[in-house]
């Protein structure tokens, strides 16, 4: 399914207060978006149209944002620093864990960033053929995957069980994109996307889709003349 290969979302875990979607978008500096329709996470986890989807599941606010925000973390050289949106959400939702998860199959890319109370707890960015950038202690969800790895000749390789029939350490970390990205997301979602257990989340949970508002139409010369005549 396409959703298994491209995703970009922010999960706010156990927010202590409700915030209207429009106000939340305003905090994130998306003041030019308007509600378009109700959809599903399956359709908005990678919409490809620069829209934003907001839904609620398992005591989380889920923001699917089409790489509009996670792109700031894609290019960072400071793994312990907060992106602007992470700082904003930490202020709006103190004591909540703010988890960013993104992945893109075309470059074997995955990223996750965990923040709480304005502090970066964990960050990892993996792109094929690039050095891994990471900060903080591994999450328990990661440790399960790392337990199936070995460092061979200076390179970390993972057990290929479930990937082929050789049952040896032949898989590199970037090739486990979905295992890492969606495994870490399960920390709060309670289900792992792409595993077959996520149907209630992906198609059974309503998401509100917000798109850029169309520009106001220009007034014609006739309309302007009429307006001046009235005054």
Every residue from region 9-29 that is assigned to a helix (DSSP H, G or I) and touching a helix residue (DSSP H, G or I) at 6+ places or on another chain (Cβ under 7 Å): 27
Which count do you get for residues in region 30-46 that are touching a residue at least 12 places away in the same chain (Cβ under 8 Å), surrounded by fewer than 16 Cβ atoms within 10 Å (Cβ to Cβ) and outside any strand (DSSP E or B)? 1
Looking only at residues that are part of a loop (DSSP other than H, G, I, E, B) and within 14 Å of the chain's Cα centre (by Cα) in region 61-90, which one is farthest from residue 46 (Cα to Cα)? 83
Within region 192-204, tally of residues that are touching a residue at least 24 places away in the same chain (Cβ under 8 Å) and either assigned to a strand (DSSP E or B) or crowded, with 17+ Cβ neighbours inside 10 Å (or both): 4
Of everything in region 14-30, what is touching a strand residue (DSSP E or B) at 6+ places or on another chain (Cβ under 6 Å) and within 14 Å of residue 208 (Cβ to Cβ)? Give them in sequence order. 21, 25
Within region 146-172, of all residues that are at pLDDT 90 or above and out of contact with any strand residue (DSSP E or B) (no Cβ under 7 Å at 6 or more places or on another chain), the one nearest to residue 105 (Cα to Cα) is 146
Need at least 2 residues that are within 17 Å of the chain's Cα centre (by Cα) per element, so show me which strands (runs of 3 or more DSSP E) inside region 106-146 make the cut, counting only ones lying wholly within it. 109-116, 119-126
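The values are calculated or read from the model by the stated rules, or taken from the named source; none is laboratory data. The model shown is predicted, which means the values in this text are computed figures rather than measured ones. For neighbour counting, all protein chains shown are included, and Cβ atoms are generated from backbone atoms with ideal geometry for every residue, glycine included.
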